[in-house]
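Take a look at the structure below.
FYI, it's all coordinate maths here, none of it is from the lab. Because the structure is predicted, anything quoted here is derived from the model rather than measured. Note: ideal-geometry Cβ built from the backbone for every residue, glycine included; neighbour counts use all protein chains shown.
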Amino acid sequence: MARITHNGALVLRAIAAGYRYGFEIMDFTGLASGTAYPILRRYEAAGLVESSWEEDGPADREGRPRRRYYQLSDQGREALGEAVARLRAQQRVFAEALGEDHSG
Amino acid sequence: MKGPNSNRLGYAVASSLVGLAARLLPQARRADWREEWRGELWHAFSRGRSTAGTVLRSLGCLPDAWAIHRRRRFRVRQSRTHISRRGHMLEDIRFAVRLLVKSPGFTAAAVLTLALGIGVNTAIFSVVHHVLLAPLPYPGSERMVALGTYMENQGIGPMMVSGGMLAELREHSSLLEAVTGYDYAEMDLTGVAEPRSLNGKSIFPEFLSLVPIEPHLGRVFEEGDFRAEAEPSVMIGYALWQGQLGGRRDAIGKQLELNGDAYSIIGVLPRGFRLPGAEADFLLPKRTSSVRLRESRGFYWVFGRLKEGATLEQLAQEVDRYQQARIDAGQDGPNFRVHVADLHERLLGSTRRPLMMLWGAVGVVFLIACANVANLLLSRLVRRKREAAVRAALGAGRGRLIRQFLAESAVLSAVGCAAALLLAFGSIALLKKLEPSLPRLDEVRLSLPVLLFTLGLAMATTFLAGLIPALRTSEGGVALASCSRQGTLQVRQGRLQPAINAAQVALAVILLIGAGLLLHSFVRLVSVAPGFEVRSAMAFGVGIPHYRYPEPRRQMALIEGIQERVSGLPGVRSATLADLLPLAGGWSRIGIKEDLTPEHLGALVASVQSVMPGYFRTLGIALKGHDFSEQDRTGSERVVIVDSKFADLFWPGQDPLGQSMRTKRDGTLFRVVGVAESVRFYGLAQDMEPTLYFPLLQDGGPISFVRMAVAGDAGLTAEDVRSAIQQVAPDVPIQSLGTMRSIVQATLSRPRFNLILVGFFAATALILAAVGIFGVLAHSVSLRTAEIGVRMALGADTRRILAGVMRQGFLPAAAGLLLGLAASFALSGLLAGQLFGISPSDPLTFLAIPGILALVAAFACYLPGRRAARVDPVRALRAE
């Protein structure tokens, strides 16, 4: 399984945290739409995330377009777990730097 | 939308941006993608988010759409190559078969053309392979050599080799692993209801180590059988075993009576057994010791096998030394040389050249056939451009299209190959019947190398014929839109198809010139005057059994009696006997003693015949002086009749009558009593040799076989003659040799064979080339129907249309004709050895063939031209 990018990990984390809609993901991660959406498309094609339309009812009633929401697949969860572990390791490296800052 | 107007505006702007960006996506995905973005945007605007910020965010739809677009194209390209790589060969072939079945006319034409082109090649290659290329079926055959005696100053040879030479080689040669010989054993099968003459051979012991024999029944000769005191044994041939002994297994041990003597049958030769260069009804072991061999006056066909490392040149030197010693010792005349040759080469004789040329000829036919198939495929290709375009639009790559076309031509080749093998099988059988005297013909068959060759040809056809159209179709993009309703394009067949036609015509011309030369030569050969009258004089062979007529005196008496009896038959104008008849095979030569020979001649060898009175009259040979009479017999003055060639050599400018000469046989003086016109004794194309005729009754020696010629009225049959002879000599084997005319015809059999074959190939080439021209031109006309219709509607003359079309078709033919003539001129020298009476640049042939070809080509162009002239402009324009 290919390693996901940092931004990709952010996106997966957002979805795991419950932010399912595209714009919410962008809000949470702080990524621009030009970055986030391509990631979403890629990951969907790779099978890490799955997308579906929200229920029909509310959108029709309100006369607005439906929203599409994203979920993590098993693979996606796996990939996220791996990324988190990696991040933790990286954090240890930076923790010292960060710690010096703080202590400073 | 709830919320401030600015949001509504913002939403409108962002939404249209999304709508624009959506254009980048394929139709199928557009709606969903648009909705997804618009869904988010609506949500964002209606929640009262920053308008500017959200609009900015909406700009992200562009890279999103772009990324999707790029990824999709990449994936499609991947799937394209993915499909091509997955071997769809089976599908291609299945599709090809369906397609070919749907156009039976095209398929039949292509398959027939291929069957013809490949089939004749297979047949001829099987001959070339088994006769020329394959080594002889004997162990160490590449080291086997044959010896022959030659009289170089007279161009005679190869003749049989003396026993002394054979003995010398057997005992003293250090270069030969084994050497052996055989000679003729023409004996009569006696002791049976219908005695007949058989052609056997008697062999020396080493024969079996050079030519191992696997007997069909019984055993081969062993050492003991060759001893002088051994019981006479015989190995009989398969045909003799079947015919005379009914093919029964208990034949072994039975007795066979030959010339009145009993021989014990020890074995049956395998079916189709042949000695190198000869057939044998039976084999006898030579029961003679070395000493007797050396001193004998016998002659043998000698062959042997060199030791490893020994060369032909070394053996030639050794043989030369022995022969020189023999000449010095007076055992041979000074002009008698013994040459050695590779056995295979000797057996081939002069058939190598003609066979290679025949092979070249069929190769030409093959190329023309391939060209026709290529043209057929090219023509079909134009109609299939639409199909090709559709395929290309659906994602088929260039490689895929090429493979499809190759699959089609592969299927055609496979079917053509199968048909070709059938044709080849039949052709080989026919060849064997037409020309049974070809060396090693019994070995010719459809063996593995031949089958592999056929397969190779079929594959070559697949590529040659299939690749050209395949490459043509994938050149450049084929836009769907440019195909008209008929599915045809403005034809770019332009130059390729006519060029192929020109090449076909050039090749056909080469073959036609070759056939023309052979035909002219054959006509000359047939009209050669043989020197005797080719009437319907009947020829017979009469055996004189030694056991019934043991003394020469009684043999002569028998001969005289037969002549008298047959001459007296009603309907017989004249009858004669002689030891040999012209062109009927056999030869006899004698050396002339030098003492009376004019000095410039050196040692001379003349052909010699022993004849009864009436010989010249029966055969219609012009005679000056007078014929022999009954008085010319043993004891009376020795007389001789010479032929004009001998007379011109011996007594140039003088009257030969009354002159004298001596032969080497016994030095007796002979007086010339007559001069006969020279006869082509050995062959119509062969030079005439100086010939001597002696009275048979004066001959004195034992005679065991005579030939008889009977000139009679139309009603006379061979049976009449046969029963007449049997009244005088009841137990004498009589063999009918046919008429003198049929004997002469038989000598023409090889040239006729060559002529028939080359003629057939040339005719095939001509037809194929003509069909090719017709096909391409007809196709071009059918494509240009609309254009012709327009021209006619505009008032063009039908005659001009016809002329235009014919010109279009004739131009490549003319170009091919010129090219072919030039090539023929250069190549015709190769035929020189086969031609009789004409030169390789025979003007008649070089004028006639182009004329014939021009006529055929013109006709091939006329038919499509006529169709063009008949185009109905209204219908043609409507169809477009």
(message) Above 14 Å lies some portion of the pair distances; for the range B:99-156, what is it as a whole percent of all C-alpha pairs?
(response) 75 percent
(request) Using label points projected 7 Å from each Cα along Cα→Cβ, tell me how many nm separate residue B:726 and residue B:353, to one decimal. (result) 4.8 nm
(message) Given all pairs of different Cα atoms, what value in angstroms does the Kirkwood hydrodynamic radius of the range B:159-245 take?
(response) 15.2 Å
(request) Using DSSP, restrict attention to beta bridges with both residues in the range B:638-771 and report what percent are antiparallel, rounded to the nearest 5. (result) 50 percent
(message) Can you compute the helix-only [θ] at 222 nm over chain A? Use -39500 (n - 2.57) per DSSP H run of at least 4 residues, normalise by all residues, nearest 500 deg cm²/dmol.
(response) -21500 deg cm²/dmol
(message) Just want to confirm a number: the relative contact order over the range B:566-696, from Cα pairs under 8 angstrom separated by 6+ residues, in percent.
(response) 32 percent
(message) Let me see the P(r) profile for the range B:109-197: every Cα-Cα distance counted, bins of 5 Å, each bin given as a percent of all pairs.
(response) 3, 9, 10, 10, 11, 12, 11, 10, 9, 6, 5, 2, 1, 0
(request) Loop sites only, by DSSP: take the chymotrypsin sites (Phe, Trp or Tyr not before Pro) in chain B that have at most 15 other C-beta atoms within 10 Å and name the longest stretch containing none of them. (result) B:1-546
(message) Let me see the P(r) profile for the range B:539-681: every Cα-Cα distance counted, bins of 5 Å, each bin given as a percent of all pairs.
(response) 2, 8, 16, 21, 21, 17, 9, 5, 2, 0, 0
(request) Excluding residues on the same chain fewer than 8 positions from residue B:254, give the lysines whose Cα lies under 29 Å from its Cα. (result) B:201, B:286
(request) Please report Rg over Rh for the protein assembly as shown, where both radii come from the alpha carbon positions and Rh follows the Kirkwood definition. (result) 1.25
(request) Over all directions, average the projected area of the Cα convex hull of the range B:326-365 and note it in nm². (result) 3.9 nm²
(message) Compute the helix-to-body angle for B:798-827: its Cα long axis versus the longest principal axis of chain B, expressed 0 to 90° and rounded to tens.
(response) 50 degrees
(request) Only loop residues by DSSP count here, and only those with at most 15 other Cβ atoms within 10 Å; note down the trypsin sites (Lys or Arg not before Pro) in the range B:187-255 that meet that. (result) B:219, B:227, B:248, B:254
(message) Show log10 I(q)/I(0) for the range B:228-341 at q = 0.10 Å⁻¹, two decimals, from a solvent-free Debye sum over equal Cα scatterers.
(response) -0.49
(message) To make sure I understand the rule: partners must be lysines, Cα under 30 Å from the Cα of residue B:624, and not fewer than 8 residues away in the same chain. Which ones qualify?
(response) B:593, B:645, B:664
(request) For residue B:233, enumerate residues with amide H under 5 Å from its amide H, sequence gap 5+ or separate chain, H modeled in the peptide plane. (result) B:264
(request) Rounded to the nearest 10 degrees, what's the angle between the helix B:398-434 long axis and the longest principal axis of chain B, both from Cα atoms, 0 to 90? (result) 20 degrees
(message) Can you give the log10 of the normalised intensity I(q)/I(0) at q = 0.15 Å⁻¹, computed with Debye over equal Cα scatterers of the range B:790-880?
(response) -0.69
(request) Using only alpha carbons, build the gyration tensor for the range B:528-578 and give me the equivalent ellipsoid semi-axes, biggest first, whole Å. (result) 26, 15, 9
(request) Show that you can apply the helix-only estimate: for chain B, add -39,500 (n - 2.57) for every DSSP H stretch of four or more residues, divide by all residues, and state [θ] at 222 nm to the nearest 500. (result) -17000 deg cm²/dmol
(request) In debye, nearest 20, what is the charge dipole magnitude of chain B about its Cα centre with +1 on Lys and Arg Cβ and -1 on Asp and Glu Cβ, if you could check? (result) 8900 debye
(request) Provide the convex hull volume over Cα atoms per residue for the range B:729-850, in Å³. (result) 184 Å³
(request) Between residue B:714 and residue B:832, with labels modelled 7 Å along Cα→Cβ, what's the label distance in nm to one decimal, could you check? (result) 4.8 nm
(request) Mind putting a number on the dipole of the protein assembly as shown about its Cα centre? Charges go on the C-beta only, +1 for Lys and Arg and -1 for Asp and Glu, and I need it in Debye to the nearest 20. (result) 7540 debye
(message) Averaged across B:39-50, how many Cβ atoms of other chains sit within 10 Å of each residue's Cβ atom?
(response) 4
(request) Taking chain B as the reference, fit the longest principal axis to its C-alpha atoms, fit the long axis of helix B:448-473 to the helix C-alpha atoms, and give the angle between the two in degrees, 0 to 90, nearest 10. (result) 30 degrees
(message) Can you give me the convex hull volume of the Cα atoms of chain B, divided per residue and expressed in Å³?
(response) 261 Å³
